[in-house]
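What follows is a short report on a single structure.
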Amino acid sequence: MTYAITQTCCSDATCVAVCPVNCIHPTPQERAFGSTEMLHIDPTTCIGCGACADACPVEAIFPVDSLPVAQREYAAINAAYYEDQAPQPAPDGPNFHAWDEPSFPRVLPSDFAPLKVAVVGTGPAGMYAVQDLLLHTSAEVTLIDRLPVAGGLVRFGVAPDHPATKKVGDTFARFHTHPRVRLHLGLDVGSDVSAQELAAHHDAVIYAVGASADRTLAVPGEELPGSVSARAFVAWYNGHPDVAPDAVDLSVERVVVVGNGNVALDVARILLADPDSLARTDIADHALTALRAGNVREVVLLGRRGPEDAAYTKSELLALKHVPGVDLVVDDHDPRIAPAIDEAGPKDKAAVLRGVTRDRTDWAQAPAPGRRIVLRFHSAPLEVVGEKAVQGVRVAEASGERTIGTDMVLRAIGYRGVPVAGLPFDETTGTVPHEGGRVAGQPGTYVVGWIKRGPSGGIGANRTCAAETVTTLLADAVAGALPAPGRAPKAFHRLARRRNRRAVLR
Ligand code: NAP
C-alpha cells in the first residue's frame, strides 16, 4: 500500500523529516522546493509505513486505496511528479539529506545564554519562528498579537470548508502554553507599547505581522458600494473582530470576483457552498445566516491572463470541480482558451480544465438557473461601473471591451503589507527591507512571513522562511551583534498590563 499527498498539503516538509525511505519530494534541500505547490510521494519507493500521514499537520496524506472520490486524482499527480526524475538517493547513500535541518546550518556554543526574544504576530510565520526557537534553542519568548484571539491567517484567513488546513493551528497552539512563552493577546505594538519599548526589554524582536491591506486595482469605481476586498470578505466569514457582521450584502444573484488566485477560489466556493455543509464548520454565525438568506447563484472569476498562467494552485482548482451542487464552467469567449486547455501537458494546471463545460455566457442576461462558477480568462478589469453603487465591471478582452452586469464585486487581487512603526518600509513591494530576515540598518530587529517576502506562499512556506530568520538572529547573537536590552521581559509584562488592562496575558 502506498500513500499519496493531497489537496491540503501545506509543504512545510514535516513529512519529509519522518520518511524512512526518502520518498517525499521536493525536500527543502532541493531547488524545486522553493516553487512547488505541494510535495509528492514516490509510489515506487513508498513502503506504506504511514509515518508521513501520522506527522502531517494538515491531514493531507492518505493511503492511495482509501482516497475519497474527490481526491483520487492525487494518486496520479503524486506518481507523475517522478516520471521524468532521476531516482532519488537511498537513505544509506552518500547524497541522502532527508533528516538534515531544512537548509540553514547553525553552530551554537554550549554556554549560549537563553535569549529573550519577542515575536509580534501569532500567524503561521510567527509560530514557525517560535517553534524553531523553542525546539532548537533555550530562548524565552514574549509572544504578542494585537487581536484577542491567536492564530493570524490560520484562524481568520483559511476558509472554513478547509478544516484539515486549520488543524495546523493545533500544532502552533501547543506553543502558546509552553513554559518558556509569555503570550499577550489584544496588545498592539505601536499604540499600547512602542517598538522601542519592546526592543528595550528583549535581546531581539521578530515581526511576523503579515500583510493586512489590499493591493488596489487602480481603476475607476473601485471604491463604489458593492465593491468589497476579498480580504474583508474572508475576514467577515471567519468572524474577524475588525469586520462588522452586517458588512456584506448577499442579496445579489451574480458576484464577480477579480483575480485568479487561491483566495478568489476560496471566496467563490464559500459563496456557493451548501449552507448546511458550512454549518458543520467554524464559519461565523452571521455569515452562515447571510449565506442561507442570500441569492447568490453565479460567481464569475475574472483572470487577466489565460488558464495556463492562473495564480491558483492545481490542487485548489481540482477541488473546485468537486463542489457539490455547483457547476464549473469556462467561458469560451477567446480563441486562445480552448487550445491552452486542450494542448496543456499532463502536469500543467490548464489540463485540470479538460472536460469542464465551456460556454459563451450572455452577460446582459440574469444568471442561468442552478449554481455555477464561471472562469473567465483574458479579462482585465478597466472599470467598476455604477453611479451610486456597483452595476457591473467593464473588462478588456480580445474582441474589445465588455461590461459584465453585477451588483457585487470582490477584489481578490492580493494582499499588501503596511508599514510597521519604527521600521523601514519598501513602498513598491509593501515589505520591510531585510538581509536574511535582519531588518536593514536595525540590529536586533527581524522580520518573517509576508511582511518579509511579500504576500505569496501558503502556510508551509513560512517554515523555511522562519528558519532563515532565526538562523540570522542566532548568528547575530553568537557574533555579539545584538544590542544589549536595558530591561528584562518581566518589566515588559508589567508595562503591557499597565498600558492595556484588557489585554490577556498567559
Ligand atoms: P495571488 O495568488 O497573488 O493572486 C492574485 C491574483 O490577482 C492573480 O490572479 C493576479 O493576476 C490577480 N491580479 C493582481 N492584480 C490584478 C489587477 N490589477 N487586475 C486583475 N487581476 C489582478 O494572491 P491571493 O489569491 O491573495 O493568495 C495569496 C497567497 O496565499 C498565495 O500564495 C496563495 O496560494 C495563498 N493561499 C493559499 C490558499 C490555499 O492553499 N488553499 C488559500 C488562500 C491563499 P496575475 O497572476 O496576472 O498577476
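The values are calculated or read from the model by the stated rules, or taken from the named source; none is laboratory data. This structure is a prediction, so every number in the text was calculated from the model and none was measured. Cβ sites come from the backbone with ideal geometry, for glycine too, and all protein chains shown count toward neighbours. SASA here: full protein model, heavy atoms, side chains in, ligands and nucleic acids out. Shrake-Rupley method; radii C 1.70, N 1.55, O 1.52, S 1.80 Å.
Its Kirkwood hydrodynamic radius, worked out from the mean inverse distance over all distinct Cα pairs, puts the range 437-491 at 12.4 Å. For the chain, calculate the relative contact order in percent as a whole number, restricting contacts to Cα pairs under 8 Å that are 6 or more residues apart. 19 percent.
For the chain, the solvent-accessible area of protein heavy atoms averages 43 Å² per residue (probe radius 1.4 Å; ligands and nucleic acids excluded).
When the Cα positions of 177, 20, 86 are compared along the charge dipole of the chain, 177 comes out farthest toward the positive end, with charges on each C-beta of Lys, Arg, Asp and Glu.
Note: the range 136-204, Cα convex hull, 102 Å³ per residue. Averaged over residues, the count of other Cβ atoms within 10 Å places the peptides 435-443, 109-117 in the sequence 435-443, 109-117, highest first. Among 343, 401, 197, the sequence by solvent-accessible area, most first, with a 1.4 Å probe is 343, 401, 197. Other residues lying with their Cβ under 12 Å from the Cβ of residue 198 contribute a combined charge of -1, Lys and Arg counting +1, Asp and Glu -1. If you bin all the Cα-Cα distances of the range 3-80 at 10 Å, starting from zero, the percentages per bin are 21, 60, 19, 0. Dividing the Cα radius of gyration of the range 270-364 by its Kirkwood radius returns 1.02 for Rg/Rh.
Close Lys pairs in the chain (alpha-carbon distance under 30 Å; sequence gap of 8 or more, or different chains): 21.
Rounded to the nearest 5, the antiparallel percentage of DSSP beta bridges internal to the chain is 35%. Mean separation of Cα pairs under 8 Å and 6 or more residues apart, divided by the residue count, gives the range 217-413 a relative contact order of 33 percent.
Extending 7 Å from the Cα toward the beta-carbon at both residue 55 and residue 84 defines two label points whose distance is 3.0 nm.
Taking 7 Å steps out from each Cα toward its Cβ at residue 481 and residue 321 produces label points 4.9 nm apart. Other residues lying with their Cβ under 9 Å from the Cβ of residue 299 contribute a combined charge of +4, Lys and Arg counting +1, Asp and Glu -1.
In whole Å, what is the distance between the alpha-carbon centres of the range 198-227 and the range 438-473? Each part's Cα centre sits 16 Å from the other's. Remark on residue 229: its backbone amide H falls under 5 Å from those of 411, a criterion applied only to residues 5 or more positions apart or on other chains, H modelled at 1.01 Å from N. Rg over Rh for the range 381-506 works out to 1.18, using Cα positions for both radii and the Kirkwood form for Rh. Converting the Cα gyration tensor eigenvalues of the chain into ellipsoid dimensions via √(5λ) gives semi-axes, longest first, of 39, 30, 20 Å.
Remark on the range 207-331: hydrodynamic radius 15.6 angstrom, per the Kirkwood mean of 1/r across alpha carbon pairs. Between residue 394 and residue 493, the modelled labels are 6.1 nm apart [label points 7 Å from Cα along Cα→Cβ]. Beta bridges assigned by DSSP with both partners in the range 217-413 are antiparallel in approximately 30 percent of cases.
Computed in the context of the full set of protein chains, the accessible area of the chain at 1.4 Å probe radius has 52% of its extent on carbon or sulfur. With the convex hull of the Cα atoms taken as the outline of the range 217-413, the averaged projected area works out to 10.6 nm².
Annotation: extensible slack from residue 435 through residue 282 equals 51.2 nm (criterion: 0.36 nm per residue apart, minus Cα-Cα distance). Dividing the helix sum by the residues of the chain, where each DSSP H run of 4 or more adds -39500 (n - 2.57), gives a mean residue ellipticity at 222 nm of -7000 deg cm²/dmol. Which whole-number percentage describes the relative contact order of the range 258-330, with Cα contacts under 8 Å and a sequence gap of 6 or more? With pairs under 8 Å counted, the relative contact order is 52 percent. Full extension of the chain between residue 177 and residue 65 yields a length gain of 36.5 nm, computed as 0.36 nm times the residue separation minus the alpha carbon distance.
For the chain, a crude dipole built from +1 on the beta carbon of Lys and Arg and -1 on the beta carbon of Asp and Glu, taken about the Cα centre, is about 1580 debye to the nearest 20.
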